[in-house]
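To keep things clear, I will list the structure first and then write my remarks on it.
The values are calculated or read from the model by the stated rules, or taken from the named source; none is laboratory data. Note that the structure is a prediction, hence the values are computed from the model and not measured. Quick reminder, even Gly has a Cβ in these numbers, built from the backbone with ideal geometry, and neighbours come from all protein chains shown.
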């Protein structure tokens, strides 16, 4: 059979096989593996392939050698003989089918068998095509062209899908960064509403607690530190405050210079907002004490808290921010400015919400700007 195939190739060398090479971009770079135990058959197949413009042709003597080459190198097509020592063609196809995740090339089986069962079995095992020997050179040429074209199209599709996957992953990463940046600016609930298309967000809350914490001695301390040292100290302290705010389920509103503002009960309403805000205030005092050595004891803090109704919303179209408005905010600021360093100073409204939960020391009636004489309290420990 192999002698007949070689004879057919020899006779055709001056006719069909001498046709002009196929002019397709990339086709001539296709890499083909010839697998046949007959050197003469391989020589004839090589000449057939070279006549249509293929330049990269590698030969294997038997199936085992072919498998070793396929594992090491990339091929665009394999011409596979069925009858070989050391692993025949069927066994090679079986190995390829049992390892579907490896990028195997398409296979054209060239066999001396004439039975239809052989062809069916090869196709079932994954062969691209089947040609009996002695084969028609023109038909071989057409099958090789088609198989390589299909392989290159599949490779392009795989490459395209990989590029799409990489682009999708890059987009997902950028979206995650944007999402995190948005959450660093706005409460999650508000960010979701903005993403859903709301262009005006303003909500009224009947009862929240607002806290202001202002550094005492900061300006004086700033004169003894470099700019980087100053920012590092303030950054460390406010980072601790951020973690405390998160721990108690509160919302950081903003920082203004060396002043820190947070709120409880907004944007998620809660019944115990005053308790949680005061618990956070006491933790903030502890955090400042932990920095006592670093600041040389020069930095202290006044904290003021008031509870009442507010309006909250998002303002601006660039560098927008989530903010609070109303008398409650103003009174909370007054509680801070009229307080004492190291103390948590609260209004009577906040004290009423803390009754029975924290020890409270009445400060009596004090003069508060825009409010006149009001009773306020200093907070002790939890009862």
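Take the conditions (1) in contact with a helix residue (DSSP H, G or I) (Cβ under 6 Å, 6 or more places away or on another chain); (2) over 15 Å from residue 122 (Cα atoms); residue 47 misses just one of them, which is (1).
Each residue in the stretch 341-365 was checked for being surrounded by 15 or more Cβ atoms within 10 Å (Cβ to Cβ) and assigned to a strand (DSSP E or B), and 7 pass. Residues considered: 254, 247. Of these, the only one that is in contact (Cβ under 8 Å) with a residue 12 or more places away in the chain, surrounded by fewer than 17 Cβ atoms within 10 Å (Cβ to Cβ) and in contact with a helix residue (DSSP H, G or I) (Cβ under 8 Å, 6 or more places away or on another chain) is 247.
Among residues of the stretch 186-202 being in contact (Cβ under 8 Å) with a residue 24 or more places away in the chain and touching a helix residue (DSSP H, G or I) at 6+ places or on another chain (Cβ under 8 Å), the one that is surrounded by the fewest Cβ atoms within 10 Å (Cβ to Cβ) is 194. Tell me which residues, restricted to the stretch 287-313, are under 17 Å from residue 345 (Cβ atoms) and under 38 Å from the mean Cα position of the chain (by Cα). Of everything in the stretch 287-313, just one residue is under 17 Å from residue 345 (Cβ atoms) and under 38 Å from the mean Cα position of the chain (by Cα), namely 288. For the stretch 258-340, the helices (runs of 4 or more DSSP H) that sit wholly inside it and include 1 or more residues that are in contact with a strand residue (DSSP E or B) (Cβ under 8 Å, 6 or more places away or on another chain) and surrounded by 14 or more Cβ atoms within 10 Å (Cβ to Cβ) are 273-290, 327-337.
Among the residues of the stretch 235-252, are any in a strand (DSSP E or B) and within 24 Å of residue 327 (Cα to Cα)? Within the stretch 235-252 (the criterion being in a strand (DSSP E or B) and within 24 Å of residue 327 (Cα to Cα)), the answer is yes, since at least one residue qualifies.
May I ask you to say which residue of 152, 180, 163, 167 is exposed (fewer than 11 other Cβ atoms within 10 Å of the Cβ), part of a helix (DSSP H, G or I) and at pLDDT below 85? Step by step, each of 152, 180, 163, 167 is checked, and only 180 is exposed (fewer than 11 other Cβ atoms within 10 Å of the Cβ), part of a helix (DSSP H, G or I) and at pLDDT below 85.
This table checks each residue for (1) crowded, with 21+ Cβ neighbours inside 10 Å; (2) under 41 Å from the mean Cα position of the chain (by Cα); (3) over 18 Å from residue 29 (Cα atoms).
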{"residue": "59", "(1), (2), (3)": "no, no, no"}
{"residue": "62", "(1), (2), (3)": "no, no, yes"}
{"residue": "70", "(1), (2), (3)": "yes, yes, no"}
{"residue": "80", "(1), (2), (3)": "yes, no, yes"}
{"residue": "84", "(1), (2), (3)": "yes, no, yes"}
{"residue": "91", "(1), (2), (3)": "no, no, yes"}
{"residue": "116", "(1), (2), (3)": "no, no, yes"}
{"residue": "119", "(1), (2), (3)": "no, no, yes"}
{"residue": "129", "(1), (2), (3)": "no, no, yes"}
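Residues in the stretch 257-299 that are free of Cβ contacts under 8 Å to residues at least 12 places away in the same chain and within 21 Å of residue 205 (Cα to Cα): 271, 272. Return yes when residue 119 is assigned by TED's automatic domain parsing to the domain that holds residue 32 and free of Cβ contacts under 8 Å to residues at least 60 places away in the same chain and no when it is not. When the stated conditions are applied, residue 119 passes them. Taking the stretch 22-42 as the search range and keeping residues that are free of Cβ contacts under 8 Å to residues at least 24 places away in the same chain and in a helix (DSSP H, G or I), which one is surrounded by the most Cβ atoms within 10 Å (Cβ to Cβ)? It comes out as 42.
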